[in-house]
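The values are calculated or read from the model by the stated rules, or taken from the named source; none is laboratory data. Here the structure is a predicted model, which means the values were calculated and not measured. For accessibility, only protein heavy atoms count, side chains too; no ligands or nucleic acids. Shrake-Rupley method; radii C 1.70, N 1.55, O 1.52, S 1.80 Å.
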Amino acid sequence: MAIKALVPWMALPRSSRVMLLIVLLAGAQWAGAQEADSVAQSPMPAVVPRAEPLKFAPCEQCHQFLQTNSEVRTLMAPHVRELAHGDGRIWCLNCHGGENHAGLVTLLGEAASFEDGHEVCGGCHARRYRDWRFGAHGKRADSWQGERTVYGCTHCHDPHNPALAPRAPEPPPPVRKGLDRPEPQRESRQPAWAGGGAESAP
């Protein structure tokens, strides 16, 4: 199927293929710009403040006496020794900045407070940030009516190790008295190319 789809494409002159690629790339860039603009213009929900202050804040109590060292290295306590975030592509100063010890720094180099950590996360995780801002990702703190108040990224994710640990599923809800719990029905489905369709298991 894929080979048949490529035949008309390869039959086009080289200049036509290049022009078509330019048009497709321009369209994708325009669509991305439109999406970013819609996110920027959407109302920002109120964010629940951090439940507990940072353990070693303010950072200036130590760092005001130290010169910033940008060398990637293993840090000593009380700092995190290993960063399980970004597969080795980022380091501490990508989010904490070099001179802004009182807060964070965005991907664009703008200062951000620890309460605005979601702005820092959104620099790399744009789609998750979009979903969070529109309400499809994360958790709302109040009712579905009135002003939206949501939890920020670091309420659920450790910024130094953001992957959530797997959890066991919750037990099924109880069955009303006098009713039998139905047995789960399992189906075995053949691949679409097999041509046999779906068949119920015996």
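How large is ³J(HN,Hα) for each residue in the stretch 87-92, as worked out from phi by the Karplus curve 6.51 cos²θ - 1.76 cosθ + 1.60 (θ = phi - 60°), to whole Hz, x for Gly and Pro?
6, x, 8, 10, 9, 3
Using a 1.4 Å probe and counting only protein heavy atoms, arrange 158, 180 so the residue with the most accessible area comes first.
Working: 158 75, 180 140 Å².
My answer, sorted largest first, is 180, 158.
Ordering 134, 114 by accessible area with a probe of 1.4 Å, largest first, what comes out?
From most exposed to least exposed: 134, 114.
Please arrange 74, 106, 68 by accessible surface area, largest first, computed with a 1.4 Å probe and ligands excluded. Let's see the in-between values first.
Details: 74 90, 106 20, 68 50 Å².
Order by accessible area, largest first: 74, 68, 106.
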